[in-house]
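Worksheet: the structure to be examined is printed underneath.
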There are 4 protein chains.
Amino acid sequence: MPWDGVIPEAEQAEYERGGWGGTVGFGERPALLVVDMYTAFVDPAYPFAAKDAPETATRIAGLLAEFRRRELPVFFSTARREPTPASRGRWKVTGTAAPIMQNADAYDIVPELAPRDDEYVFVKTYPSMFAGTTLLSQLIYHRVDTVVVTGTVTSGCVRGTCLDAFSQNYIVNVPLECVCDRGAVSHAVALFEIQMKYGDVVPLQTVVERLEGR
Amino acid sequence: MPWDGVIPEAEQAEYERGGWGGTVGFGERPALLVVDMYTAFVDPAYPFAAKDAPETATRIAGLLAEFRRRELPVFFSTARREPTPASRGRWKVTGTAAPIMQNADAYDIVPELAPRDDEYVFVKTYPSMFAGTTLLSQLIYHRVDTVVVTGTVTSGCVRGTCLDAFSQNYIVNVPLECVCDRGAVSHAVALFEIQMKYGDVVPLQTVVERLEGR
Amino acid sequence: MPWDGVIPEAEQAEYERGGWGGTVGFGERPALLVVDMYTAFVDPAYPFAAKDAPETATRIAGLLAEFRRRELPVFFSTARREPTPASRGRWKVTGTAAPIMQNADAYDIVPELAPRDDEYVFVKTYPSMFAGTTLLSQLIYHRVDTVVVTGTVTSGCVRGTCLDAFSQNYIVNVPLECVCDRGAVSHAVALFEIQMKYGDVVPLQTVVERLEGR
Amino acid sequence: MPWDGVIPEAEQAEYERGGWGGTVGFGERPALLVVDMYTAFVDPAYPFAAKDAPETATRIAGLLAEFRRRELPVFFSTARREPTPASRGRWKVTGTAAPIMQNADAYDIVPELAPRDDEYVFVKTYPSMFAGTTLLSQLIYHRVDTVVVTGTVTSGCVRGTCLDAFSQNYIVNVPLECVCDRGAVSHAVALFEIQMKYGDVVPLQTVVERLEGR
């Protein structure tokens, strides 16, 4: 797993001592969440892109096709230049003011993941796709019980979205090839902690099989 | 800082490239949050305690005295044996069923941090002290603008509480000697990410000075 | 309907002009919510009881039996003497301090609706059963799509609960014999507005048939 | 008061029996909320406008000037043609599909209340301005303790917004000349219930004096 060599064995043993880990499985009504796969977070020319974001986009596109083929709900998130200090929040970041962020397509979802007209794109401000949006009510509308969380960055918006989904009692699955991060350590540690406590971090192939096997 | 040697320099450089880090400072009306400092999470006999939880309790007690002396609001969280599967949620943990967790004082806040009658203790189910509780409305009642987050574990309930506080636009401060974790890597990475994005991770002494200097 | 003679025809015509009304129907996975049927809100000796609260309790008991027989989820709410000003909130009420409210059973759910050990009772502070509780995550756990809202008072906690359920995209049904209020006008107007906009206000018999006909 | 003659004296006496009513007053940091004053809800040509919406807009404009003069935060809400069933929710209304609702300015805030570039407009789906928006975090950013709620309709989105504000422990004030409704009974009953339980329903002049007298 991606955290081997990052989380020392003694620390993994601490989790065993508490009885952490195991499997949450998969429900009957999954939804796919694609977190923040917009140009400024995918294109290496921007200061926010993880190195492997383009390949991650390609792999998410494959999973997206599986969801669309089965007519299952799919949700995207992006951001925008917020107009006021209160709507921008207290992010400790200055890079969003960089000239390149003024590009017209900076906040567009990348073309290979382009949302269809009947798919919803949340414009969010905070890490979690749930915070300050109607994602929760839209999941309830579709009677979703399982969320498959993909996108970027693993340790930030992906993790925050997983945590909120878990705290609302959704079954959480993270296909490990479909998330990416700027830092390998942050990526590995986030996946480890999600797997120990909140959801199943599994190969993309496993998610596809679970989707098929419902 | 605790993350040096854990987060490689090249990964720290990625954060610099995005303009992360900086300072959020301190507001005029701080509240102290003491997350999950109950017996089962502090006493080394239990499977959930971080090794340095007892010393962390002692340091939090000092900060608690500073808040009480100034009559500033203080909030605690604990858990309980929840009666139904739906109220227990989807935690991937079996250790909560261990015989030792049946001890009468397993969910009591440790004596040196014992809440006073006029201090509120939230019984929570999920990582964040905000999830499914009235913490937010109580902070609003007290016109709080800054939360100082302490307790255990850094990478779990402390981090989840910081993230929700940040996503509600509170100024977040984490005094680094007042949080602890079962794993040193998880601890360091959580603090690094909070410091880069969501709040100020600073020495306890700095928090005390900020409290004084309002 | 209970609002005829209370809402003038000309005002009902305004709702027709906007295309309000219609039917939301019933989903596959209903849950029953029993709002605030505790002694102080049911027993006429207390200053908060609606006159017809005891008969309403009897009718709710019948519906509760239907839900239990089908092993469908059931949730209750009550209140308690909250310990701090911030946890009591900004209710404009002094009656909660009356001597009778100190009775040991003031906040007990009335005996004919006594919750079973495997049924959850939320201790709430605000009108809606969702506010500051884990009701939402528990409904999600049970994959509920429809909430049947009963209890007291129609224009206060029942209405607030219906509004939050609607705003989370649940299908809302209110069996009109299973809600009561201190004032006949408030009762009628609340039911009219729920029926026009947010959910189906229907005879108890209709709810039982919908339950049967899923 | 507007509810005299609508709520019978015997029913008002029931509220006295419970000790309802009184005053919540005004805090130090008020914000103004202008709920749904967009063309389709103000212009009498549309099926959703209250008859006195235009005069209400004029009176809100006066209060808006008072808030702007003091550089206090101001927030607006509007709606839009939502793209999917899940994002439209379960509103029991067909009038939103009327041809007139396709007008380009149907969802524009009316000109005399036109938001400035530094004032935020929430695009909301549900009654309360808090539901599925970042209003709460923006109020927290501005350290608001009091919300003055204006707009349309009194018994729907205004009331829902007041209820959520109350449930988050904000001090709620409703200037009675600055809210309007399609129905006189609904209007009066909503104001009565807000005044009894959740906030202060007072003349506009009183709000202006409280604003001045902080």
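The values are calculated or read from the model by the stated rules, or taken from the named source; none is laboratory data. Just so it is clear, the structure is predicted and the values come from calculations on it, not from any experiment. FYI the Cβ positions are ideal-geometry reconstructions off the backbone, even for glycines, and counts take in every protein chain you see.
On the given criteria, is D:A13 in contact (Cβ under 8 Å) with a residue 24 or more places away in the chain, among the hydrophobic types (A, V, I, L, M, F, W, C) and in a helix (DSSP H, G or I)? Outline the logic, then answer.
Values: in contact (Cβ under 8 Å) with a residue 24 or more places away in the chain: no; among the hydrophobic types (A, V, I, L, M, F, W, C): yes; in a helix (DSSP H, G or I): yes.
Judged against the criteria, D:A13 is not a match.
Conditions (1) over 27 Å from C:P73 (Cβ atoms); (2) at pLDDT below 95; (3) not small (G, A, S), marked per residue:
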| residue | (1), (2), (3) |
| --- | --- |
| B:P85 | no, no, yes |
| B:K92 | no, no, yes |
| B:T96 | no, yes, yes |
| B:A106 | yes, no, no |
| B:P115 | yes, no, yes |
| B:F122 | no, no, yes |
| B:T133 | no, no, yes |
| B:S137 | no, no, no |
| B:H142 | yes, no, yes |
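Is segment C:46-53 home to any residue that is among the charged types (D, E, K, R) and under 30 Å from C:E212 (Cβ atoms)? Scanning segment C:46-53 turns up at least one residue that is among the charged types (D, E, K, R) and under 30 Å from C:E212 (Cβ atoms). In segment D:80-101, the residues that are in contact (Cβ under 8 Å) with a residue 24 or more places away in the chain form Cβ pairs under 7 Å with partners that are acidic (D, E) and surrounded by 15 or more Cβ atoms within 10 Å (Cβ to Cβ), at six or more places apart or across chains, as follows: D:R88/D:E82. Selection over segment D:35-55 of residues that are farther than 17 Å from D:I194 by Cα, among the hydrophobic types (A, V, I, L, M, F, W, C) and not in a loop (DSSP other than H, G, I, E, B) gives a count of 4. If you check A:V189, A:V158 for being at pLDDT 95 or above and at the interface with another protein chain (Cβ under 7 Å from one of its Cβ atoms), only one passes: A:V189. Against the list (1) surrounded by fewer than 19 Cβ atoms within 10 Å (Cβ to Cβ); (2) not in a loop (DSSP other than H, G, I, E, B); (3) not hydroxyl-bearing (S, T, Y), the condition B:L72 fails is (2). The sole residue among D:V158, D:V121, D:V174 that is β-branched (V, I, T) and either closer than 27 Å to B:T133 by Cα or in a loop (DSSP other than H, G, I, E, B) (or both) is D:V158. Checked against (1) farther than 23 Å from C:C162 by Cα; (2) under 10 Å from the mean Cα position of the chain (by Cα), D:R159 meets all criteria but (1). Here A:E16 meets each of (1) farther than 22 Å from A:A165 by Cβ; (2) in contact with a Ser or Thr (Cβ under 9 Å, 6 or more places away or on another chain); (3) among the acidic types (D, E) with one exception, condition (2). Applying the condition of being β-branched (V, I, T) and more than 12 Å from the chain's Cα centre (by Cα) to segment C:178-193 and asking which residue is nearest to C:V208 (Cα to Cα) yields C:V189.
Could you check segment C:80-94 and list, in sequence order, the residues that are touching a Ser or Thr at 6+ places or on another chain (Cβ under 7 Å) and either part of a loop (DSSP other than H, G, I, E, B) or farther than 18 Å from D:I171 by Cβ (or both)? Those that are touching a Ser or Thr at 6+ places or on another chain (Cβ under 7 Å) and either part of a loop (DSSP other than H, G, I, E, B) or farther than 18 Å from D:I171 by Cβ (or both): C:E82, C:G89. Being outside any helix (DSSP H, G or I), surrounded by fewer than 22 Cβ atoms within 10 Å (Cβ to Cβ), in contact (Cβ under 8 Å) with a residue 12 or more places away in the chain and not hydroxyl-bearing (S, T, Y): is that true of D:A106 here? For D:A106, the condition - outside any helix (DSSP H, G or I), surrounded by fewer than 22 Cβ atoms within 10 Å (Cβ to Cβ), in contact (Cβ under 8 Å) with a residue 12 or more places away in the chain and not hydroxyl-bearing (S, T, Y) - is met. Restricting attention to segment B:88-101, does a residue exist that is away from chain A (no Cβ under 14 Å), more than 17 Å from A:V24 (Cβ to Cβ) and not hydroxyl-bearing (S, T, Y)? The answer is no; no qualifying residue exists. Of all residues in segment D:197-214, those satisfying the criterion of being in a helix (DSSP H, G or I) and surrounded by fewer than 24 Cβ atoms within 10 Å (Cβ to Cβ) are D:K197, D:L204, D:Q205, D:T206, D:V208, D:E209, D:R210, D:L211, D:E212. Would you point out the residue of segment D:130-148, among those that are assigned to a loop (DSSP other than H, G, I, E, B) and more than 7 Å from every other protein chain (Cβ to nearest Cβ), that is farthest from C:A86 (Cα to Cα)? Checking each candidate, the answer is D:F130.
Taking the conditions (1) surrounded by fewer than 21 Cβ atoms within 10 Å (Cβ to Cβ); (2) under 30 Å from B:Y141 (Cβ atoms); (3) touching a strand residue (DSSP E or B) at 6+ places or on another chain (Cβ under 7 Å) in turn, C:V34 satisfies each one other than (1). Restricting segment B:16-38 to residues that are modelled with pLDDT under 95 and either of a type in the set (K, R) or out of contact with any Pro (no Cβ under 9 Å at 6 or more places or on another chain) (or both), the residue that is nearest to A:F48 (Cα to Cα) is B:R17.
Taking segment C:161-171 as the range and being aromatic (F, W, Y) and either more than 10 Å from every other protein chain (Cβ to nearest Cβ) or part of a helix (DSSP H, G or I) (or both) as the test, only C:F166 passes.
Number of residues in segment B:29-84 that are within 14 Å of chain C (Cβ to nearest Cβ), touching a helix residue (DSSP H, G or I) at 6+ places or on another chain (Cβ under 7 Å) and either over 20 Å from B:R116 (Cα atoms) or of a type in the set (K, R) (or both): the value is 1. Condition check for D:R214 on (1) in contact with a Lys or Arg (Cβ under 8 Å, 6 or more places away or on another chain); (2) more than 20 Å from D:V93 (Cβ to Cβ): one failure, at (1). The residue that is nearest to the other protein chains (Cβ to nearest Cβ), among those in segment A:16-28 that are part of a loop (DSSP other than H, G, I, E, B) and in contact with a Gly (Cβ under 9 Å, 6 or more places away or on another chain), is A:G19.
Among residues belonging to segment D:109-118 that are assigned to a loop (DSSP other than H, G, I, E, B) and of a type outside the set (D, E, K, R), point out the one that is farthest from the other protein chains (Cβ to nearest Cβ).
Going through the qualifying residues, I end up with D:V110.
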